[in-house]
Amino acid sequence: MAEIIVVTSGKGGVGKTTSSASIACGLARRGHKVAVIDFDVGLRNLDLIMGCERRVVYDFVNVVNGEASLKQALIKDKRFDNLFVLAASQTRDKDALTREGVEKVLKDLADDGFDYILCDSPAGIEKGAFLAMYFADQAVVVVNPEVSSVRDSDRILGLLSSKTRKAEEGGRVKEHLLLTRYSPKRVETGEMLSIADVEEILGLKTIGVIPESGDVLNASNKGEPVILETTSDAAQAYDDAVGRLLGDNRPMRFVTVEKKGFLSKIFGG
Ligand SMILES: Nc1ncnc2c1ncn2[C@@H]1O[C@H](COP(=O)(O)OP(=O)(O)OP(=O)(O)O)[C@@H](O)[C@H]1O
Ligand SMILES: [Mg+2]
């Protein structure tokens, strides 16, 4: 059985695509067969972050329209044999995806033995975002610790509990909170909301806290999901999040301000 996970948010630009790429890699690194799909029709982005943009010949919309087979359109990752990317189309037709078309692609992936299908949602509450979440079993709700991002996430939670197939069948999409661009320093000074604040406002449990890190941009410029930059705090935080998604119990790291030690206080550093 394939597990369908949507990576979603209310507000745009909070780190969905960054997180989709890293979570997909983290699951593949543990041996699972993973497909990651870019639902952001018109704005291809995932293939850039995954570093496969030059290999895109056919995309998601081509498959939905029957212009290419799923096999032709799936791009095998160059690092992991069990990881595949389905790129978004650059068409300007925002209605190019249909519910039936998306359902068929997801079913074909499941029949093909994929363990996890990650759906990288576009921002907002338009059709693309709706289709990305509709068939989901689980949702990773990406939130930045600031009021506008938290407020917009509330709307997505409303949709997850009413406009998904699970909801229509009387069930529930399993929701997780992924806090990204977290800066312990700015939380301490009160500029940012704390983990507890966000959890309380949204009523969600945190699956991961990804620190604000310059490594994220560096990695995406290289076409390398940041989780693979193993020495980076952001990479380790993403790996922890993947572990928790699979049921591990791990303490949160990188969530407090690093106190300077005695020697560095004296000598600087
Ligand atoms: N932990 C982080 N630290 C620093 N920068 C980050 C972090 N996470 C994401 N970013 C940056 O934030 C920007 C938006 O990230 P990303 O494209 O993943 O967001 P998105 O939610 O997919 O956006 P959209 O809504 O447009 O699809 C990028 O420039 C990315 O490098
Ligand atoms: Mg995106």
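Overview of values
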| quantity | calculated |
| --- | --- |
| Any hit, the stretch 246-265, residues being at pLDDT below 95 and within 26 Å of Asn45 (Cβ to Cβ) | yes |
| Every residue from the stretch 168-215 that is assigned to a loop (DSSP other than H, G, I, E, B) and either under 19 Å from Asp152 (Cα atoms) or touching a Gly at 6+ places or on another chain (Cβ under 6 Å) (or both) | Val173, Glu191, Met192, Leu193, Ser194, Gly203, Leu204, Lys205 |
| Of all residues in the stretch 28-59 being acidic (Asp, Glu) and more than 17 Å from Val7 (Cα to Cα), the one that is nearest to ligand 1 (Cβ to nearest atom) | Glu53 |
| Test set (1) over 25 Å from Ile75 (Cα atoms); (2) assigned to a loop (DSSP other than H, G, I, E, B) - Ala136 fails condition number | (1) |
| Of all residues in the stretch 193-220 being more than 13 Å from ligand 1 (Cβ to nearest atom) and within 20 Å of Tyr238 (Cβ to Cβ), the one that is surrounded by the fewest Cβ atoms within 10 Å (Cβ to Cβ) | Lys205 |
| Members of the stretch 139-167 that are more than 16 Å from ligand 1 (Cβ to nearest atom), assigned to a helix (DSSP H, G or I) and more than 17 Å from Val7 (Cβ to Cβ) | Val147, Asp154, Gly158, Arg165, Ala167 |
| Any hit, the stretch 60-70, residues being closer than 26 Å to Asp233 by Cα, within 16 Å of ligand 1 (Cβ to nearest atom) and crowded, with 18+ Cβ neighbours inside 10 Å | no |
| Whichever residue in the stretch 64-86 is modelled with pLDDT of 95 or more and of a type in the set (Val, Ile, Thr) and, among such residues, is farthest from Gly15 (Cα to Cα) | Ile75 |
| Selection count, the stretch 221-253, where residues are acidic (Asp, Glu), surrounded by fewer than 20 Cβ atoms within 10 Å (Cβ to Cβ) and closer than 19 Å to Val142 by Cα | 1 |
| Residue that is modelled with the lowest pLDDT [pool: residues in the stretch 113-133 that are within 11 Å of ligand 1 (Cβ to nearest atom), in a loop (DSSP other than H, G, I, E, B) and of a type outside the set (A, V, I, L, M, F, W, C)] | Gly124 |
| In the stretch 184-201, residue nearest to ligand 2 (Cβ to nearest atom) [restricted to those that are under 20 Å from the mean Cα position of the chain (by Cα) and either β-branched (Val, Ile, Thr) or modelled with pLDDT under 95 (or both)] | Val198 |
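The values are calculated or read from the model by the stated rules, or taken from the named source; none is laboratory data. Note that the structure is predicted; figures quoted are calculated from it, not measured. All Cβ positions, glycine included, derive from the backbone under ideal geometry; neighbour counts span all protein chains shown.
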